[in-house]
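The values are calculated or read from the model by the stated rules, or taken from the named source; none is laboratory data. Keep in mind that this is a model prediction, so the values were computed, not measured. Backbone-built Cβ (ideal geometry, glycine too); neighbour counts: all protein chains shown. Note: areas computed on protein heavy atoms with side chains; ligands, DNA, RNA excluded. Shrake-Rupley method; radii C 1.70, N 1.55, O 1.52, S 1.80 Å.
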Amino acid sequence: GQQLNQSPQSMFIQEGEDVSMNCTSSSIFNTWLWYKQDPGEGPVLLIALYKAGELTSNGRLTAQFGITRKDSFLNISASIPSDVGIYFCAGYNNNDMRFGAGTRLTVKP
Amino acid sequence: SAVISQKPSRDICQRGTSLTIQCQVDSQVTMMFWYRQQPGQSLTLIATANQGSEATYESGFVIDKFPISRPNLTFSTLTVSNMSPEDSSIYLCSVGLAGVPDTQYFGPGTRLTVL
């Protein structure tokens, strides 16, 4: 099946630091997405990427759709305490969305 | 965006019983999905709820264990049948428009604990 490998599994950083996480797959996806999940909530979409090589920003977040269509990364610049949560990558083909295992981010003030 | 509500938000159940989770969305959507998120894990798709017909189940999930209904475009239920402690999870409803991935939204989830 389509399996996504997301890393790192967790990160502990100081407020103000930059963060980088990535996702790879053995399969090609037509769309890559990044979600954030806060405790007790469902995941919320941060960024969607539609073209190989595409680089998209949303405030302090930047994500890229890998040229091979088998990977994506998410960067968060100048982290703040409210960035705490679990970040999931997702690959999408034909109404089928698959999720990575998540990166748990802790930001120390 | 779509506003999704789930009931109950959490429950504690006894082994061998069944629980039905409801999902209501505030607008008509083509796609409704049910996911399971085990503690500290990612989201696993259980099934796609189809209006007026049987749900489409993913490998490892069967209708007898997870019967699903979708009577209209805004409502679906998932039943977890004959529960065991291994069914303890967060169950998430998700909705979206067919073929448009950035319209896929998630409900707040139902946290189920089976004793």
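Annotations
- When the residues of the range B:87-115 are filtered to those that are assigned to a loop (DSSP other than H, G, I, E, B) and at the interface with chain A (Cβ under 7 Å from one of its Cβ atoms), the one that is nearest to B:Val25 (Cα to Cα) is B:Gly107.
- Filtering the range B:62-87 to residues that are surrounded by fewer than 17 Cβ atoms within 10 Å (Cβ to Cβ), among the hydrophobic types (A, V, I, L, M, F, W, C) and closer than 27 Å to A:Gln3 by Cα leaves B:Val62, B:Ile63.
- Checklist (1) out of contact with any Asp or Glu (no Cβ under 7 Å at 6 or more places or on another chain); (2) away from chain A (no Cβ under 14 Å) applied to B:Val80, failing item: (1)
- Members of the range A:8-48 that are among the acidic types (Asp, Glu), within 16 Å of the chain's Cα centre (by Cα) and modelled with pLDDT under 95: A:Asp38
- Residues in the range A:82-89 include none that are farther than 18 Å from A:Ser7 by Cα and crowded, with 20+ Cβ neighbours inside 10 Å.
- Residue check, A:Phe73 of a type in the set (A, V, I, L, M, F, W, C), in a strand (DSSP E or B) and surrounded by fewer than 13 Cβ atoms within 10 Å (Cβ to Cβ): no
- Of the residues making up the range A:85-107, not a single one is free of Cβ contacts under 8 Å to residues at least 24 places away in the same chain, of a type in the set (A, V, I, L, M) and either under 15 Å from A:Lys36 (Cβ atoms) or more than 9 Å from chain B (Cβ to nearest Cβ) (or both).
- Filter result (in a strand (DSSP E or B) and open to solvent by 80 Å² or more (accessible area, probe 1.4 Å)) within the range A:9-56: A:Phe12, A:Gln14, A:Val44, A:Leu55
- When the range B:10-37 is filtered for residues that are assigned to a loop (DSSP other than H, G, I, E, B) and open to solvent by 80 Å² or more (accessible area, probe 1.4 Å), the ones remaining, listed by number, are B:Gln14, B:Arg15, B:Asp26, B:Gln28.
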